[in-house]
Amino acid sequence: MTNLTNRSYTYYFLLPAGIIYFVFFLLPTIMSFFFSMTWWTLTDWKFIGLENFITFLTEPSLNIGFKNTIIYAVVTCLLKVILGLFLGVFLSQKLKTIGFVRSMVFFPTLLSTVAVGMAFAMMMHPTQGLINTALKIVGIAGPDWLGDISIALLSVALVDVWKGVGMATVIFIAGIMSIPEDYYEALAIDGGNSFHKFWNIIVPLSRPAMNSVIILAFIGGLRSFDLVWAMTKGGPGFSTDLIASIIYKQYQGGFYGLSTAGNVILFIVVSALAFPLYAFLNRKEVDL
Amino acid sequence: MKAKKKIFAVLSSAALFAGILAGCSSNDSASGDKDEDSGQVTLTLLVDNQSNLDGMKAVTDAIEEKYDIKTEYELRPGGGEGDNLVKTRLATGDMTDLMAYNSGSLFQALNPEQNFLDISEEPFVETIMDDAKEALSSNGKVYGIPAASFMAGGWFYNKKIYEELGLSVPKTWDELMSNNEKIKEAGKTAVIGSYKDSWTAQVIVLADNYNVLQQHSTFAEDFTANKAKIADTPGALSSFEKLAEVYDKGYLNEDFLATGYEAGLQKLAEGEGAHYPMLSFALPMLQANYAEELENIGFFPQPGDSADENGLTVWVPGGVFVNKNTEHPEEAKKWMEFFVSQEGNDLYNAKIKPQGPPAIKGVELSDDVYGAVKDMLPYFESDKTAPALEFLSPVKGPNLPQIAVEVGSGISKAKAGAELYDKDVEKQAKQLGLEGW
């Protein structure tokens, strides 16, 4: 191959980009692994081995983040997949107002997460909020969405789903639209009903789309920060703290070594969950 | 594919770290330069963008007129973000000539010996009140002047409700609780909780320090030296128990977890609630939004076990500090000297009414000070004040707001909360490299 390609530029042209990549990406990455094992004040550091990691994993105000993050990622991912699939099926039909309805579903994705979080935090106020006022009219006493520690995390997750389901839907629509008409014709000849159409054609053949949604939503859930911070700042207490918000708080507190250790842990958690999931999903994919 | 994954892995971790660094952006600093033509010196001053600068600007205008020293303001964010910015600018040698910052533990965490000019020998330092001077010092050397008056932490109360129900200002915790019971029976909110802003939940714990020191006079030193833990010291633990008691007895407003600071002030001013445990820096905001209700708002310290030991926990004002590497140390000292003079104080107080007694000895207050501040003065006159713990010990855990919310909303018990806070504090002490931890 090399003989056939006439290389007219030297590799030195890669240097500027390479240097930038090294200084701003590779170097900090390597340094972060080192500083995660130090007591660090930005100007001064002391090597303390794995103590930061032990602190992070043993202290209840820190390790509550692991449980919450997993719950948050699984809940948002599942709901986005299920709702996204149904909306995708619905919105890939030939309706007159399809353009309008599709934009309606996609619209929340375009909003700023912080603005969405603040707006929903207001609507979820237990006594004056829009949601509970509306529920009161129909005679239901709404819960304290963000104040009750047993549901606060789920409330935030629901808002995340509201905001993120549009993206999932669009990916599903693209997947469903790419299924060739032949399959539907074959189904019609065999006398299948619409359930068969959904279960035996759409679900298996939109698998690539579903895999993308699962991976994107799951990784997004694992590293989520902005929505939680805008809505509850991890509260009440630590009940909605995610790994990322805990890391941020440690950084604010001036524990630079500890927060870097948290980032390393987050990196490991995301990789340890996302790569096997990705490999697993890829194996199940079928060709059209 | 494998290689791609690896690159993705490397990239994503780099992106995470870059995200962390993005939190500490820094502005260009113009360090003071002499204007060749006029001989005028410009000092740069870094202040947070949360405070009202009218008072300070009145003083610096006068300094410019009098000494031909111009002050150029640079704004920074407040809170934790501002702390990061200050630390980063100090670490990169990019600090302004003058810097306004918290006193006490936050200041002491900035490595003062290395970063700030020692002003212990200046004559004007003598006029600073001792409580304030201590919080502006590190290892016995003074580095700053108080940027405002003292503040106090305690309980605001609505005088109308007190009159209506025939209550009197409580001198002991039990009296306060029985007042609360009567207010609750009358169908009003006894204690306003605004734990949506989690920092407000700490007030009952922090404002209890006078009482803690009454029971255990060396607590601050022992705490710093790791010889005393909050959870094992009955006097200190009772601060957390008081916080829990207010919730357990149902004195808080129903929506205390969804109410924020500003809504809390509104409830107090409009008489929806009788008490609001808060710092006196709330006064200007009350004045701005509820000026006509202000005369109905009084203040008392958080009471302890005995009426004889009733005293006030005070907050030392933030300070103004001089960069050790400034090119104009003499001008900076002149600036400070004027700032703490009676003239400087008058100019300041004419713009911003003091939120507590002055931090400079011998400075007179005008008659139109807030009623709540007048309620505080007797404690200063009879020397029944103590600084909050954060001014006596560099150890303050960053998670106290969240822990206070947990204790104050029944998620965890007082003892468990205190234990968790003791652990939180340990991290801080280790980070500061204190002895004995």
> Taking +1 at the Cβ of each Lys and Arg and -1 at the Cβ of each Asp and Glu, which of B:M376, B:S217, B:G93 sits farthest along the dipole of the protein assembly as shown towards its positive end, judged by Cα position relative to the Cα centre?
Replying inline: B:G93
> So which aspartates and glutamates pass the test for B:K267, namely a Cα distance under 19 Å, with those fewer than 8 places away in the same chain ruled out?
Replying inline: B:E163, B:E164, B:E181, B:E185, B:D197, B:E254, B:D255, B:E292, B:E293, B:E295
>> What does DSSP give for the protein assembly as shown in terms of the percent of beta bridges that are antiparallel, rounded to the nearest 5?
In response: 60 percent
> Are any of the pairs B:K333/B:K384; A:K80/A:K197; A:K163/B:K423 more than 26 Å apart by Cα-Cα distance, and if so, which?
Replying inline: B:K333/B:K384; A:K163/B:K423
>> I'd like the FRET efficiency for B:K351 and A:L281, computed as 1/(1 + (r/R0)^6) with the beta carbon distance as r and R0 of 60 Å, rounded to 0.05.
In response: 0.40
> Is segment B:291-330 rounded, prolate or oblate when judged by the Cα gyration tensor, a ≥ b ≥ c being the square roots of its eigenvalues, rounded requiring a/c under 1.5 and prolate requiring a/b larger than b/c?
Replying inline: oblate
>> For a quick check of your reading of the filter: which trypsin sites (Lys or Arg not before Pro) in segment B:237-331 sit in a DSSP loop and have no more than 14 other Cβ atoms within 10 Å?
In response: B:K249
> Of all the C-alpha pairs in segment A:45-283, what % are more than 22 Å from each other?
Replying inline: 61 percent
> Is segment A:1-146 best put as rounded, prolate or oblate by its Cα gyration tensor, with a ≥ b ≥ c the root eigenvalues, rounded for a/c under 1.5, and otherwise prolate when a/b is larger than b/c, oblate when not?
Replying inline: oblate
> Using 1/(1 + (r/R0)^6) with R0 = 35 angstrom and r between the beta carbons of A:Q93 and A:L216, what's the FRET efficiency to the nearest 0.05?
Replying inline: 0.90
> Can you give the charge dipole size of segment B:167-278 about its Cα centre, rounded to the nearest 20 debye, using +1 on the beta carbon of Lys and Arg and -1 on the beta carbon of Asp and Glu?
Replying inline: 100 debye
> Among A:L110, A:A141, A:Q128, whose Cα lies farthest out toward the positive end of the dipole of chain A, if unit charges sit on the beta carbon of Lys, Arg (+1) and Asp, Glu (-1)?
Replying inline: A:L110
>> If each residue of separation counts as 0.36 nm, what is the full-extension length gain between B:Y290 and B:K361 once their alpha-carbon separation is subtracted?
In response: 22.4 nm
> Using the alpha-carbon centroid of each, what span in Å lies between segment A:48-110 and segment B:224-246?
Replying inline: 40 Å
>> Give the average over all directions of the projected area of the C-alpha convex hull of the protein assembly as shown, one decimal, in nm².
In response: 41.7 nm²
> Fully extended, how many nm does the chain gain between A:A141 and A:M31 (0.36 nm per residue separation, minus their Cα-Cα distance)?
Replying inline: 34.3 nm
>> Just want the answer: with Cβ charges of +1 for Lys and Arg and -1 for Asp and Glu, which residue in B:I145, B:A109, B:G362 is farthest toward the dipole's positive end in the protein assembly as shown?
In response: B:A109
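Counting only helical runs of four or more DSSP H residues, what would the 222 nm mean residue ellipticity of chain B come to if each run contributes -39,500 (n - 2.57) and the total is spread over all its residues?
After summing the helix terms and dividing by the residues of chain B, the value is -13000 deg cm²/dmol.
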>> Just the number: Rg to Rh for segment B:357-437, Cα atoms, Kirkwood Rh, two decimals.
In response: 1.15
> Hey, how much of the P(r) for chain B falls beyond 43 Å, as a percent of Cα pairs?
Replying inline: 16 percent
> Mind listing P(r) for segment B:324-379? All alpha-carbon pairs, 10 Å bins, whole percents.
Replying inline: 21, 43, 22, 12, 2
> Using modelled backbone amide H atoms (1.01 Å from N, in-plane), which distant-in-sequence or interchain residues come within less than 5 Å of B:I360's amide H?
Replying inline: B:M129
> Which value, in debye to the nearest 20, gives the size of the charge dipole of segment A:45-283 about its Cα centre, when Lys and Arg are +1 and Asp and Glu are -1 at the Cβ?
Replying inline: 220 debye
> How large is log10 I(q)/I(0) at q = 0.25 Å⁻¹ when the Debye formula is applied to the Cα atoms of segment B:250-293, each weighted equally and without solvent?
Replying inline: -0.94
>> When a/c reaches 1.5 or more, the comparison of a/b and b/c decides; with that in mind, is segment B:199-346 rounded, prolate or oblate per its Cα gyration tensor?
In response: oblate
> What dipole magnitude, in Debye to the nearest 20, does the protein assembly as shown give about its Cα centre under +1 on Lys/Arg Cβ and -1 on Asp/Glu Cβ?
Replying inline: 4240 debye
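Values quoted throughout were computed directly from the atomic coordinates according to the rules given, and no laboratory measurement underlies them. Only a predicted model underlies this, so the values are computations on that prediction, with no experimental measurement involved. Every residue, glycine among them, receives a Cβ derived from its backbone with ideal geometry; neighbour counts consider all protein chains shown.
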